[in-house]
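Read the structure below first, then the notes.
What follows draws every value from the coordinates through simple rules; no lab data is involved. The model shown is predicted, which means the values in this text are computed figures rather than measured ones. Virtual Cβ from ideal backbone geometry, glycine too; neighbours counted across all protein chains shown.
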Amino acid sequence: MDKTFFITGGCGFIGANFVRFVLNKGGNNKVINLDKLTYAGNPNNLLDIKSDERYSFIHGDICDQQIVKEIFDNYNPDMVVNFAAESHVDRSIDGPAEFIQTNVVGTSVLLQEALQYFNKLDREKSSVFRFHHVSTDEVFGSLGEEGSFTEETPYDPSSPYSASKASSDHLVRAWHRTYGLPVIISNCSNNYGPFQFPEKLIPLMILNCLEDKPLPIYGTGENIRDWLYVEDHCDAIYTIIENGHFGETYNVGGNNEIQNIEIVKTICSILDEVNPSKNKKSYKELIQFVTDRPGHDFRYAIDSSKLKNELSWSPKETFDSGIRKTIDWYLANQAWWEQIQNNTYQQERLGVL
């Protein structure tokens, strides 16, 4: 059945990939994309579908109650998918207020307007409607050398960013338990892939190699993350929306626990092969260790067995296949990242106390 998706933050990295994923499913699915267009919200991420009659873009803030209400009233969505968030840990250390405003206040506005809308729906429409909240594994804090985050892991956020996302998760659950709003939450591991803003580790390392710049690695580079290719994440979200149970949380991971230093060395090795440096024998010569991030979580690892066992989802990409696709994309889309480098992001170091 064709559905209307109200997607927030759809010009960001994961949101833009999900907008495209929904429209590529075929049929007559419609997307309304509300985005504030902050530094990481890039309309160029969706240039290829800008003229698609199934797609509508609205420039606005999820904290703006009137805009959110008008979208519900005018478009009658079947579901909300909330990607809108300030998401960079280093930026949250320098300026936590913006994270609290968007991630906490903004989520509360969305929830309340979704509830007002839901309560007015007829029985058939209300049986379809759902509110999907996209969150992060960072709400769980840091792991030691063993174990994985499950849906029952207690929240223990370390940064202003993860604390704000933890707060938004709790609000979503509260609107379900108190008011009966049909909600689902997903907590994902580190994403990578096309259209990721260059402040994040993988695109930053790729672009610095291509521009013969230093490759800064926090601390000793031994921090471990579980890496998830963004299209696999989009597939998981769509699966959860279609088949997940209201009030439930689903962890989404890529089964790729890798140290940061190994990520960087892998990128260097692939680029040595497909786009050799003109100045150095290997891009690995550009690696530099820098002062660690304050409160840097040591290890994240996601246990996605609930999602796999209950909803039959598993990632299609290995890290080896996904990172090659990602590098190929950045090599083929130089104009996209050069525009960001020239106008938006000059690689300034953030989050240093």
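Observations
- Total charge dipole magnitude, segment 55-160, about the Cα centre, Cβ charges on Lys, Arg, Asp, Glu only, Debye to nearest 20: 600 debye
- Cα-based shape type of segment 18-84, given that a ≥ b ≥ c are square roots of the gyration tensor eigenvalues and the cut on a/c is 1.5: oblate
- Placing unit charges on the Cβ atoms of the charged side chains and taking the dipole of segment 103-217 about its Cα centre, the candidate lying farthest along the positive direction among Leu115, Pro154, His132 is Leu115.
- When Arg225, Arg123 are arranged by Cβ crowding within 10 Å, least crowded first, meaning fewest neighbours, the order is Arg123, Arg225.
- The dipole here belongs to segment 224-353: it is taken about the Cα centre, uses +1 on the Cβ of Lys and Arg and -1 on the Cβ of Asp and Glu, and is about 520 debye.
- Backbone geometry of segment 28-42 corresponds, through the Karplus equation with coefficients 6.51, -1.76 and 1.60 at θ = phi - 60°, to 3J(HN,Hα) couplings of 10, 4, 10, 10, 10, 10, 9, 9, 6, 6, 6, 3, 9, x, 10 Hz, x marking Gly and Pro.
- Database remark: amide H of Leu181 closer than 5 angstrom to the amide H of His176 (H placed geometrically; neighbours at sequence offset of 5 or more, or on other chains; Pro and chain starts carry no H).
- Selection of chymotrypsin sites (Phe, Trp or Tyr not before Pro), segment 231-277, meeting DSSP coil and at most 12 other Cβ within 10 Å: Phe246
- Assigned charges on the beta-carbon of Lys, Arg, Asp, Glu; the chain dipole about Cα centre (debye): 460 debye
- Options Phe99, Ala332, Leu23, ranked by Cα towards positive dipole end of the chain, top entry (Cβ charges): Leu23
- Qualifying lysines (Cα of each under 17 Å from Cα of Lys36; at least 8 residues distant if same chain): Lys50, Lys69
- Per-residue packing, averaged as other Cβ atoms within 10 Å, sorts the ranges 149-157, 99-107 into the order 99-107, 149-157, beginning with the highest.
- Label-to-label distance, Asp212 versus Phe289, with points set 7 angstrom from Cα along the beta-carbon direction: 2.7 nm.
- Amide H partners (placed H, <5 Å) of Arg299, local residues excluded: Leu143, Ile224
- Taking 0.36 nm per residue of separation and subtracting the Cα-Cα distance, full extension of the segment from Glu273 to Lys306 would add 8.0 nm.
- Averaging the Cα positions of each part gives two centres, and for segment 234-312 and segment 163-177 these lie 25 Å apart.
- Ranked list, fewest to most other Cβ atoms within 10 Å of each Cβ, for Ser108, Ser159, Ser51: Ser51, Ser108, Ser159
- Excluding same-chain neighbours fewer than eight residues apart, the lysines reachable from Lys213 by a Cα-Cα span under 28 Å are Lys200, Lys265, Lys278, Lys280, Lys281, Lys284, Lys325.
- Positive-pole candidate from Pro182, Ile202, Leu143, dipole of segment 123-208, charges at beta carbon: Pro182
- Report summary: the helix-based calculation at 222 nm, which adds -39500 (n - 2.57) for every DSSP H run with n ≥ 4 and divides by the residues of the chain, gives -12000 deg cm²/dmol.
- By the beta-carbon count within 10 Å of each Cβ, the least crowded to most crowded order of Cys209, Cys268, fewest first, is Cys268, Cys209.
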